[in-house]
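Remarks on the structure that follows.
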Amino acid sequence: MSKFSNEQIERYSRNMVLNEIGITGQRKINKAKVLVIGAGGLGAPVLMYLAAAGVGNIGIIDGDKIELSNLQRQTIHRTENIGMPKVQSAKKFIERLNNDVEVTTYELFINNDNCQQIISKYDLIIDGVDNFESRYLVNDTCVNLKKPLVEAGIIGFMGMATLILPEGPCYRCLYPEMPDRAPTCSQAGVLGATAGIIGSIQASEAIKYIVGIEENLNGRVIFWDGLTSTIHEIKLQKNKDCISCGPKKGKR
């Protein structure tokens with residue numbers, strides 16, 4: 001997109017007046033290819049803000065169909081769409097919001113058979129999955145393919161987010177081993193607003209990465225506590241024993 005139409009100039013004007021984005025940054029946003037894995041609690045705000053910002057090509061992976069219990073936090077879906085595949089509902093939402101955006105849908109769950117092939121097509125990956133098996137798979141695949149990854153997780157009133165770049169550190173540097181048991185949101189509950197806050201942080205990190213803003217969450221992890229409305233930050237160092245991004249890569 002070498003030139004913006006008058007409509008696009010008006011649509012993206014609040015981005016363009018930001019010194020950190022400007023016209024050049026908006027062009028980068030319009031050319032970006034971003035894959036969002038999961039169209040649920042985290043994916044909903046991520047998809048909304050990426051589409052609103054004008055990300056040119058958005059891929060969406062999710063094998064689920066909409067259930068009534070999803071609507072408490074998955075705000076891009078509607079009551080009348082219960083039973084519809086989430087990727088179809090998400091695509092319809094984006095098309096109504098911004099017809100500049102090209103949407104590619106994958107009505108499936110991410111797994112060992114399809115992960116590498118799909119992820120390799122995109123510039124940036126955003127993880128909105130709700131289970132640890134998929135989270136570790138996405139992390140390892142992004143490290144292997146040298147793809148930047150915006151990682152996050154939520155439960156209850158709590159959430160975390162970080163940006164993982166190809167050179168590391170990665171998610172396994174933070175949590176080397178997959179937990180044996182961890183409650184799901186259906187078991188422990190989750191506040192809808194928590195998903196909105198953390199998903200919005202993911203969208204912000206994605207846009208900053210696309211336009212080249214260096215003040216990001218690479219090497220940092222933030223933890224949001226919604227009960228106390230506080231943010232705790234830790235530094236994330238590369239683990240020399242990491243089996244994903246370290247010298248022992250692949251030795252699982």
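FYI, it's all coordinate maths here, none of it is from the lab. Everything numeric here is computed off the predicted structure, so don't read it as measured data. Virtual Cβ from ideal backbone geometry, glycine too; neighbours counted across all protein chains shown.
Each other residue within a Cβ distance under 14 Å of Glu107 adds +1 if Lys or Arg and -1 if Asp or Glu, for a net charge of +2.
For the chain, what relative contact order do you get, as a whole percent, if you take Cα pairs closer than 8 Å and at least 6 residues apart?
On the way: 493 pairs, mean separation 47.3, N = 252.
Relative contact order comes out at 19 percent.
For the pair the stretch 128-193 / the stretch 5-63, the C-alpha centres are spaced 22 Å from each other.
I'd like the trypsin sites (Lys or Arg not before Pro) in the stretch 47-150 restricted to DSSP loop residues with at most 14 other Cβ atoms within 10 Å, sorted by number. Please report the intermediate quantities before stating the final value.
Working: sites: Lys65, Arg73, Arg78, Lys86, Lys91, Lys92, Arg96, Lys121, Arg135, Lys146; in loops: Arg73, Arg78, Lys121, Lys146.
The qualifying sites are Arg78, Lys121, Lys146.
Direction-averaged shadow area of the convex hull around the Cα atoms of the stretch 12-132, nm²? Write down the numbers at each step before the final one.
On the way: hull surface 31.3 nm².
Taking the Cα atoms of the stretch 12-132, their convex hull projects to 7.8 nm² on average.
FRET efficiency for the pair Lys146 and Met178, taken as 1/(1 + (r/R0)^6) with r the Cβ-Cβ distance and R0 = 25 Å, rounds to 0.65. Full extension of the segment from Leu97 to Lys238, taken as 0.36 nm per residue of separation minus the current Cα-Cα distance, would add 46.8 nm.
For the chain, the Kirkwood hydrodynamic radius from C-alpha pairs, put into Stokes-Einstein at 20 °C and a viscosity of 1.002 mPa s, yields a diffusion coefficient of 116 µm² per second.
Per DSSP H run of at least 4 residues, take -39500 (n - 2.57); add these up for the chain, divide by its residues and hand me the 222 nm value, nearest 500 deg cm²/dmol. All intermediate terms of the calculation are to be shown ahead of the outcome.
On the way: 10 runs with 90 residues, N = 252.
Computed ellipticity for the chain at 222 nm equals -10000 deg cm²/dmol.
Value of Rg to Rh for the stretch 95-163, rounded to two decimals, is 1.00; Kirkwood radius and Rg both from alpha-carbon coordinates.
Projecting the Cα atoms of Ala90, Met160, Asn6 onto the charge dipole of the chain (Cβ charges, centred on the Cα centre) puts Asn6 farthest toward the positive pole.
Return the single residue from Ile61, Ile94, Ile234 with maximal mean-square fluctuation; model: Gaussian network over the chain, springs between Cα atoms under 10 Å. Highest fluctuation of the listed residues: Ile234.
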